[in-house]
Amino acid sequence: MKQDFLKYQAQTSPYPLAMEVSHASGSYIYDTAGKKHLDFVAGVSACTLGHCHPRVVNAIKEQAEKYLHVMVYGEYAQGPAIELCKLLAEHLPAPLEKTYLTNSGTEAIEGALKLARRYTGRSGIIAAKSAYHGNTMGSLSLMTYEERQKPFRPLIPDISWIEFNREEDLEKIDENTAGVILESIQGGAGFIQPQNDYLKKVKAKCEKVGALLILDEIQPGFGRTGKLFGFQNYNTVPDILVMGKGMGGGLPIGAFTSSSEIMDTLSANPKMGHITTFGGNPVIAAAALATLQELVTGDLLAQTLQKEQLFRELLVHPLISEVRGRGLMLAPILTSEEIANELVLRAQDKGLILFWLLFEGKAIRITPPLTISMSEIKEGCGIIIDILNDLLQDK
Ligand SMILES: Cc1ncc(COP(=O)(O)O)c(C=O)c1O
């Protein structure tokens, strides 16, 4: 399998982990050699309810037997997509009530950028330094990593940047700004939370100059921080909310939500100002609906903070300088990039899945399924501490 994987499937890096996957269930992925791997990554924050959660699998099966794709997005009234958008509206603060369903996170970001420009009639977009919003041309244009952007220039114009959490930079938001886009917790940069009512202050400045606040919740959304969406921890309601990843319970989906007043501008002048074939696909929407129903009816959100507490109690070691993040979006910061790297690789050998963050080399990613049990957390953290003890001795 590995040889064919490397030969025929396009790669994203020269050194993929290349685990040969057999099947997955709950908090474990099983490889083709029969080894089980405890999953502290959840497909990079995507498998909210663990692997193959029965509620999600049943929803997929039931919908697959009724109908698959029948029409492009937005033409026919299809139950799963409507129920999903309605349930989201019921659990979001006003005026967030109308949702556009996409196929991925980055595509939802593209839609949100277009919506901000369309609604305000302005072109300026302000993003935060070190942010990650995806890899299509618009999302890539929001980045501040020259080595990642340079080969793909020219990117889209009229983008400028502010430092996340730096209040003095808010003066850059002005009457030319269509939208300010921020992750509510910066992910790739190292799970950095907003400080001192930062998001509230950004929103106030946006309101003052008539710009829209776009919050990218693709990573913290769907329960990871103990609330349905991360912004609910910081008392700030965005004008446009972007989601993805954990939304689909393991299937590909993204979405952006806004008020009807703002969202309705995308369907006129020009009509079909934003269209997609597969957005709102009925099988995927059914999986996302099942995931959302489980989150809003069960007690997983409340458990998330207890689980964070347990991680924080267990992840104490001389090689860990701090643990950043919130809920089940945690990033232990190791004392060096080498230690972080070695930890991820040795953990794989010992049957624990860890992963890196995009831009912070000293961090490791802990974003397990929200369904992970307390004993699984203890088991995985025990492996981490054992490896760190070995690394400490090797030094
Ligand atoms: C904060 C954030 N925004 C956007 C994206 C892009 O989502 P996708 O990979 O589904 O395009 C990601 C993916 O990692 C993300 O973490």
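Numbers for the structure displayed
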{"read-out": "Hits in the range 185-218 - residues which are within 16 Å of the ligand (Cβ to nearest atom) and aliphatic (A, V, I, L, M)", "value": "ILE185, ALA189, ILE192, LEU199, LEU213, ILE214, LEU215, ILE218"}
{"read-out": "Evaluation of ILE162 against (1) touching a Lys or Arg at 6+ places or on another chain (Cβ under 8 Å); (2) more than 16 Å from the ligand (Cβ to nearest atom); (3) open to solvent by 10 Å² or more (accessible area, probe 1.4 Å); (4) free of Cβ contacts under 8 Å to residues at least 40 places away in the same chain (one fails), failing number", "value": "(3)"}
{"read-out": "Where a residue in the range 349-361 is in contact (Cβ under 8 Å) with a residue 40 or more places away in the chain and its partner, wherever it lies, is assigned to a loop (DSSP other than H, G, I, E, B) and β-branched (Val, Ile, Thr), with Cβ under 8 Å and at least six apart", "value": "ILE353/VAL41; LEU354/VAL41; PHE355/VAL41"}
{"read-out": "Test: residue in the range 56-79 that is under 23 Å from the mean Cα position of the chain (by Cα), open to solvent by 70 Å² or more (accessible area, probe 1.4 Å) and of a type in the set (A, V, I, L, M, F, W, C)", "value": "no"}
{"read-out": "Where ALA347 falls short, out of the listed (1) more than 17 Å from CYS381 (Cβ to Cβ); (2) open to solvent by less than 10 Å² (accessible area, probe 1.4 Å)", "value": "(1)"}
{"read-out": "Residue match in the range 204-216 (condition: in contact with a helix residue (DSSP H, G or I) (Cβ under 6 Å, 6 or more places away or on another chain), of a type outside the set (A, V, I, L, M) and surrounded by fewer than 23 Cβ atoms within 10 Å (Cβ to Cβ))", "value": "yes"}
{"read-out": "Of residues in the range 115-150 being within 17 Å of CYS206 (Cα to Cα) and open to solvent by 10 Å² or more (accessible area, probe 1.4 Å), the one farthest from the ligand (Cβ to nearest atom)", "value": "GLY121"}
{"read-out": "Among the candidates ALA331, ALA340, residue that is open to solvent by less than 70 Å² (accessible area, probe 1.4 Å), out of contact with any Cys (no Cβ under 6 Å at 6 or more places or on another chain) and assigned to a strand (DSSP E or B)", "value": "ALA331"}
{"read-out": "Output for the range 233-243, where each listed residue is open to solvent by 10 Å² or more (accessible area, probe 1.4 Å) and either within 13 Å of the ligand (Cβ to nearest atom) or among the charged types (D, E, K, R) (or both)", "value": "ASP239"}
{"read-out": "Residue, farthest from the chain's Cα centre (by Cα), within the range 244-280, restricted to residues that are within 16 Å of the ligand (Cβ to nearest atom) and of a type in the set (Val, Ile, Thr)", "value": "THR276"}
{"read-out": "Hey, LYS227 assigned to a helix (DSSP H, G or I) and basic (Lys, Arg) or not", "value": "no"}
{"read-out": "Filter result for GLU183 (modelled with pLDDT of 95 or more, charged (D, E, K, R) and surrounded by fewer than 18 Cβ atoms within 10 Å (Cβ to Cβ))", "value": "no"}
{"read-out": "Residue that is nearest to the ligand (Cβ to nearest atom), among those in the range 85-111 that are open to solvent by 70 Å² or more (accessible area, probe 1.4 Å) and either charged (D, E, K, R) or not in a loop (DSSP other than H, G, I, E, B) (or both)", "value": "LYS98"}
{"read-out": "Any hit, the range 301-315, residues being in a helix (DSSP H, G or I), open to solvent by less than 10 Å² (accessible area, probe 1.4 Å), within 16 Å of the ligand (Cβ to nearest atom) and touching a Lys or Arg at 6+ places or on another chain (Cβ under 9 Å)", "value": "no"}
{"read-out": "Of all residues making up the range 355-376, the number that are in contact with a Phe, Trp or Tyr (Cβ under 6 Å, 6 or more places away or on another chain) and either over 20 Å from LEU305 (Cα atoms) or assigned to a helix (DSSP H, G or I) (or both)", "value": "1"}
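The values are calculated or read from the model by the stated rules, or taken from the named source; none is laboratory data. None of these values were measured; they are calculated from a predicted model. We place every Cβ from the backbone using ideal geometry, glycine too, and count neighbours over all the protein chains shown. Accessible surface is based on the protein model in full, side chains and every heavy atom, while ligands, DNA and RNA are left aside. Shrake-Rupley method; radii C 1.70, N 1.55, O 1.52, S 1.80 Å.
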